[in-house]
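Step one of this worksheet: look at the structure below.
What follows draws every value from the coordinates through simple rules; no lab data is involved. Keep in mind that what you see is a predicted model, and the values were worked out from it rather than measured. FYI the Cβ positions are ideal-geometry reconstructions off the backbone, even for glycines, and counts take in every protein chain you see.
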């Protein structure tokens, strides 16, 4: 599970329309195109599906620039892609902010085997590792990989390959040669224990 409390600035690429949940509750849905900065190569545009309980459909026309505060869920998809679903809490029209995504991440997933404690330029050791979150889409499972860094060399007993973690921290999304790169500067790190039903 990857859930982020974010501010997203972008351009509407699918005009707003009113839809209904399975329970018959109406909501406003629209698409948002957001440019993700590149660390190498060209910036990548991602498409985010936005849902809002209270929004003016007429003001959310295709091509309009908006800033949306809300909860972004990131899920794995076929062909090494991702689904981005944003539950909007506030929508600002015609913001001056640059296109992009900023905020905090809550991550639950499994550690990869590359767990290291390198040294920075000032001689301080820090913890660096990757982990993945897996989602079921139809009958298939897809993963999203995230790189984590914590500016402390402390290594709790659960930080082992295939260990289950819950991490909270600053979200960063960039692109590298056309591929999205997710990273998180850790503020909190705990072992994830799935609760019994």
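Odds and ends about this structure:
- Sole residue being closer than 21 Å to residue 34 by Cβ and in contact (Cβ under 8 Å) with a residue 12 or more places away in the chain, chosen from 64, 108, 81, 125: 64
- Segment 135-154, subset exposed (fewer than 14 other Cβ atoms within 10 Å of the Cβ) and in contact (Cβ under 8 Å) with a residue 12 or more places away in the chain, residue nearest to residue 83 (Cα to Cα): 137
- Against the conditions (1) buried (at least 16 other Cβ atoms within 10 Å of the Cβ); (2) part of a strand (DSSP E or B), residue 55 satisfies every one except (2).
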